[in-house]
Amino acid sequence: EMELGVVIGNGGANISINDAAQQIAGVCLTLDLTARDVQAEAKAKGLPWTIAKGYDTFCPISAYLPRAGFMDPMNLEMELRVNGHLKQRVNTGEMIFNVYE
């Protein structure tokens, strides 16, 4: 599953939504990977299954796109292909939570 990674350029915590745009240095694509066999085993035992996402190499990221490379982080087209086959195509405007949230 493809995700949008937001690169924060300035230090800070508890940043308000109104100030969030000034904190974005860029974006990247990430892949949210899960070991389904480990997940199923943990679920069957009634255990948390977050371990299924915690392996080395399980969150690869793309090259970083600096903020100057795009106008609106809420209108970015993202596409995932595996061996040339389209698996996912979305626009950031379709996200449940917007980038600033």
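Side notes on the structure shown:
- Verdict on L47 being more than 29 Å from S16 (Cα to Cα) and free of Cβ contacts under 8 Å to residues at least 60 places away in the same chain: yes
- Within the stretch 19-53, the only residue that satisfies the criterion of being closer than 20 Å to E94 by Cα and of a type in the set (S, T, N, Q) is T30.
- Here I61 passes the criteria (1) closer than 19 Å to I8 by Cα; (2) surrounded by 14 or more Cβ atoms within 10 Å (Cβ to Cβ); (3) of a type in the set (V, I, T) except the one numbered (2).
- From the list I96, I51, the lone residue that is open to solvent by 90 Å² or more (accessible area, probe 1.4 Å), farther than 19 Å from M2 by Cβ and of a type in the set (V, I, T) is I51.
- The stretch 13-25: number of residues that are part of a loop (DSSP other than H, G, I, E, B) and either exposed (fewer than 12 other Cβ atoms within 10 Å of the Cβ) or polar (S, T, N, Q) (or both): 3
- The stretch 64-93, residues that are open to solvent by less than 50 Å² (accessible area, probe 1.4 Å), in a loop (DSSP other than H, G, I, E, B) and aliphatic (A, V, I, L, M): M74, L76
- Selection from the stretch 35-49 of residues that are among the acidic types (D, E) and over 23 Å from the mean Cα position of the chain (by Cα): E41
- Residue list for the stretch 37-48, filter: surrounded by 10 or more Cβ atoms within 10 Å (Cβ to Cβ) and over 20 Å from M2 (Cα atoms): V38, A40, E41, A42, K43, L47
The values are calculated or read from the model by the stated rules, or taken from the named source; none is laboratory data. As the structure is a computational prediction, the values presented were derived from the model and not from experiment. All Cβ positions, even for glycine, are placed from backbone atoms using ideal geometry, and neighbour counts span all protein chains on display. The protein model used for the area step is the full one, side chains on, heavy atoms only, and it has no ligands, DNA or RNA in it. Shrake-Rupley method; radii C 1.70, N 1.55, O 1.52, S 1.80 Å.
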